[in-house]
Amino acid sequence: MSLAALLRALPLAAMLLLSPARAVRQARRPNVVLILTDDQDVCLGGMTPLKKTKTLIAQMGITFVNAYVPSALCCPSRASILTGKYPHNHHVVNNTLEGNCSSKLWQKIQEPYTFPALLKAMCGYQTFFAGKYLNEYGAEDAGGVGHVPPGWSFWYALEKNSKYYNYTLSVNGKARRHGENYSVDYLTDVLANMSLDFLEYKSNFEPFFMMIATPAPHSPWTPAPQYTKSFQNVSAPRNSNFNIHGKNKHWLIRQAKTPMSNSSIQFLDDAYRKRWQTLLSVDDLIEKLVKKLEVNGELDNTYIFYTSDNGFHTDKRQLYEFDIKVPLLVRGPGIKPSQTNKMLVANIDLGPTILDIAGYDLNKTQMDGMSLLPLLRGDKNITWRSDFLVEYQGEGYNGSDPTCPGLGPGVTHCFPDCVCEDSYNNTYACVRTLSASWDLQYCEFDDREVFVEVYNLTADPHQINNIAKTIDQEILEKMNYRLMMLQSCSGATCRTPGVFDPGYRFDPRLMFNNHSLRARRFSAQFLEWTISKGLIIQKHPYDLAKAY
């Protein structure tokens, strides 16, 4: 059955199931649309091509200028959006089945409790998904495209990773193959048309939630034919951190060859231009969607969220601003136009926000994020976070990358200049702090060096100078402790005061109250300091190791 035919049958069923009183009550609740792009940066001009989107969403609502993701990689970040949880709580650590990306374990433990599942089961919303779900969705070892996650009334999901042509969609559990004919197969346009069909034929007796996840601007960066000549004079930004050696950074950055070859720079410029070209089709999608909502008389009662799963530079997976900072635009009922908000927000807040909009009691969830609804409404005297956690577990394999055989085993996704996107020990965790007094990032790597990177972004917005060896020791120790606390947090404990908040308490004994605390490596400096202060009694090393 086609989408249009399936949806035409829905209103009659809805009328039979809903009493008139319930139908009126349901109709008054706001609708929600979430547009999720793939690998769209904000630090390097990623929003520049989206003129229609900025006019129709940003100028009609609010722009969050400090919006982040807890993991700079597609699958962990998307899992955080769906669950409202940090990666250490939803356990999706990278883009592989082994990393729990759309695995059977994810399907069993996390999918039944995603915010769309709650919207449909507990709030009476009709739900629509179209586009890229999780990178390993459709894998035969995890149910193939026949698996439809709970919580979705209408399901049009891309098999595996982003493509523009020659892909397979799961249409409510049935495989539909697409080719390379632009007029019927270009994925961004296909998603737009499916979305318009849903809005045309959906039930008018239930509120709706739509999630539209575009391939753009992810590689292979294939623009629509009409946009292949756009931005011919555009090149990648030449900021102060462009094409310089990454001294005082972890080994994966230090080993990259600098300066880059002319061919590599040309590759970056071409990729940057093509990424912008693919976003023009997203801009068209937004325009069509908003116009359809307006024609239907539903625009004024619909929240529209626009964001990305992670940022991007020459690659991603790193701890730096261009990878973890994303666009976040919202318009909707009660939101004043042309606002800018500087609060520190994260994609783990999207699920709680949308459930809050639907009237669901957030105390019934186990989500780590916070509802943005008070910020959207412009409430005064709000207590808000000053930090959040960034965490990533590296991917790699026991073999050399053919592009850079001299680096040995463990690296992956390498470019010709041996700029490698990832490695098995590219595993790190960070506290990103934004308070009245500090704009700071503190990161620890789980590698042989136990490498630490610290940046004062007020003085060094491009994160060139690692100040781990020069920053005040007390701040370093507190950040180390805060990182350990956040890595073991769950639910409300993820929202406790940060290091520079008035209510912050520095009590290392709290670290051992959470029985789910994962084993992790404590820095020698922190152990020495806590022992010297009498906060931890020195024991035999074997006993000390058991405590952690």
Does any residue in region 423-447 that is in the same structural domain as D323 (by the TED database) and open to solvent by less than 30 Å² (accessible area, probe 1.4 Å) come within less than 8 Å, Cβ to Cβ, of a residue that is modelled with pLDDT of 95 or more and not polar (S, T, N, Q) six or more places away or on a different chain, and which pairs are these? none
Subset tally (residues that are touching a residue at least 40 places away in the same chain (Cβ under 8 Å), part of a loop (DSSP other than H, G, I, E, B) and buried (at least 16 other Cβ atoms within 10 Å of the Cβ)) for region 448-467: 5
Given the condition modelled with pLDDT under 95, in the same structural domain as L119 (by the TED database) and either surrounded by 23 or more Cβ atoms within 10 Å (Cβ to Cβ) or assigned to a strand (DSSP E or B) (or both), answer yes or no: does some residue in region 32-45 qualify? no
How many residues does region 118-142 hold that are polar (S, T, N, Q) and part of a loop (DSSP other than H, G, I, E, B)? 1
As an exercise: evaluate W384 against (1) hydrophobic (A, V, I, L, M, F, W, C); (2) open to solvent by less than 30 Å² (accessible area, probe 1.4 Å); (3) in contact (Cβ under 8 Å) with a residue 40 or more places away in the chain and give the number of the one condition it does not meet. (2)
Within region 253-275, residues open to solvent by less than 70 Å² (accessible area, probe 1.4 Å) and assigned to a helix (DSSP H, G or I) come out as I253, S264, I265, L268, D269, D270, A271, Y272, R273, R275
Going through region 63-85 one residue at a time, which ones are open to solvent by 10 Å² or more (accessible area, probe 1.4 Å) and not in a loop (DSSP other than H, G, I, E, B)? T63
Given (1) touching a strand residue (DSSP E or B) at 6+ places or on another chain (Cβ under 9 Å); (2) in the same structural domain as M210 (by the TED database); (3) within 25 Å of C75 (Cα to Cα), index of the condition L362 fails: (1)
Yes/no for Y182 being more than 28 Å from Y113 (Cα to Cα), of a type in the set (F, W, Y) and assigned by the TED database to the domain that holds I35: yes
Of (1) farther than 25 Å from C75 by Cβ; (2) of a type in the set (G, A, S); (3) in a loop (DSSP other than H, G, I, E, B), G394 fails just (1)
Taking region 409-418 and keeping only residues that are hydrophobic (A, V, I, L, M, F, W, C) and either surrounded by fewer than 20 Cβ atoms within 10 Å (Cβ to Cβ) or modelled with pLDDT under 75 (or both), one is left with F415, C418
Selected residue (criterion: modelled with the highest pLDDT) from residues of region 484-527 that are small (G, A, S), part of a helix (DSSP H, G or I) and surrounded by fewer than 15 Cβ atoms within 10 Å (Cβ to Cβ): A492
Test of understanding: among G138, G99, which residue is farther than 18 Å from T307 by Cβ, open to solvent by less than 10 Å² (accessible area, probe 1.4 Å) and touching a Lys or Arg at 6+ places or on another chain (Cβ under 6 Å)? G138
With respect to K108, is the statement that it is in a loop (DSSP other than H, G, I, E, B), assigned by the TED database to the domain that holds F208 and surrounded by fewer than 22 Cβ atoms within 10 Å (Cβ to Cβ) true? no
Residues that are assigned to a helix (DSSP H, G or I) and out of contact with any strand residue (DSSP E or B) (no Cβ under 8 Å at 6 or more places or on another chain): does region 231-252 have at least one? yes
Give me the strands (runs of 3 or more DSSP E) completely within region 143-221, filtered to those with at least 2 residues that are open to solvent by 40 Å² or more (accessible area, probe 1.4 Å), more than 30 Å from G359 (Cα to Cα) and not β-branched (V, I, T), ordered by residue number. 174-177
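The values are calculated or read from the model by the stated rules, or taken from the named source; none is laboratory data. Keep in mind the model is a prediction, meaning the values are calculated, not measured. Backbone-built Cβ (ideal geometry, glycine too); neighbour counts: all protein chains shown. With ligands, DNA and RNA removed, areas are computed over all heavy atoms of the protein, side chains included. Shrake-Rupley method; radii C 1.70, N 1.55, O 1.52, S 1.80 Å.
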